[in-house]
1. With a 10 Å radius around each residue's Cβ, average the other Cβ atoms per peptide and rank 64-72, 197-205, highest first.
2. How high is the FRET efficiency between residue 223 and residue 244 when r is their beta carbon distance and R₀ equals 22 Å, given to the nearest 0.05?
3. So if each residue of separation counts as 0.36 nm, and I subtract the Cα-Cα distance between residue 90 and residue 174, what length gain in nm does that give?
4. How far apart, in nanometres, would the label points at residue 128 and residue 149 be if each is projected 7 angstrom from Cα along the Cα-to-Cβ direction?
5. Averaging the inverse of every distinct alpha carbon separation and then flipping it gives the Kirkwood radius. What is it for the range 180-261, in angstrom units?
6. Looking at the P(r) of the range 76-154, how many percent of alpha-carbon pairs lie beyond 13 Å?
7. Which of the residue pairs 146/191; 58/149; 158/257; 74/158 have a Cα-Cα distance greater than 27 Å in the structure shown?
8. Find how much the distance from residue 234 to residue 194 grows on full extension, using 0.36 nm per residue of separation minus their present alpha carbon separation; answer in nm with one decimal.
Amino acid sequence: MRNESVPIRKHRHPEQENLNLIRKCLRAPPRGNSSVQTMIGRSMVQKNSSEPSTPSYKIAIVEDDRDLLDGMSKYVKSLGHRVRGFTSPVDFLGALEWTPSIDCVIADVRLHPISGVELIDRIAKLGLSIPVVLITGFADVETAVKAMKAGAFDFISKPLDLDRLQSIVENAVASRRSLPFLSEALSDSRKLSELTARQKQVLDLVCEGMTSKEIALALDMSFRTVETHRATMMSKLGVTSLAQLIQIKMNADLGLKVLADRGLGPGQVP
């Protein structure tokens, strides 16, 4: 009896196959791909309930190519996020006025009648600080520079690198959710800038845990003068306790560090 080798079929997880299908569809030409919607519609990615939960963000996608919009929406949903898609920037802006709690916007640069670059300005005029990621099928330096100068959080070209898109969205949301803290930190920093040089010296030593008596010896001033500086600082900063005074200093220092890590200065809004 002959020993015949039996070919071993490599098992492919259905979820991975679905993800691969979505990636293939999204990397296809953005126009004239009538099979995109059908293929993705039959292969919705089902998240395994045993997988660890990931943060769920509210993502708006504005793309006038219906097939590409559906493909991106399904991919972003497969990551566990809530998605709302729009083929019209006008419809998006109308919805945004009623539901401004969007964590990130992904928009095509070449939209009509409002371009993706103009969309950034419209969002800002609504008083909202929502990071916008711009997508274009025409990757060139001029377009990228124009998008970034307009205030885009980042820029990605077609065909889409989905891993990069996922990373950009996560970074954009992290940036937006840090804005309330940064706003408060910058406010604290501005308050501290109003202190005199001597008061700042006293504050630094207070934050190091030194008593008024120790500060007086270190700065060669009287105990009463140190106490006067402390009282004046607390009045200027609007605090009533030593703990609050130290907290303001810590917030301001941390906020400036975050801005420096992003290549920004205290006068710039991230």
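1. The densest-packed peptide leads the list: 64-72, 197-205.
2. 0.50
3. Going from the current span to full extension adds 27.6 nm.
4. Result for the modelled spin labels: 2.6 nm.
5. Hydrodynamic radius (Kirkwood, Cα only) of the range 180-261 equals 13.0 Å.
6. That fraction is 67 percent.
7. 146/191; 158/257
8. 13.2 nm
No value in this document is a laboratory result; all are computed from the given coordinates. Everything numeric here is computed off the predicted structure, so don't read it as measured data. When we count neighbours, we look across all protein chains shown, and the Cβ atoms used for this are built from the backbone with ideal geometry, even at glycine.
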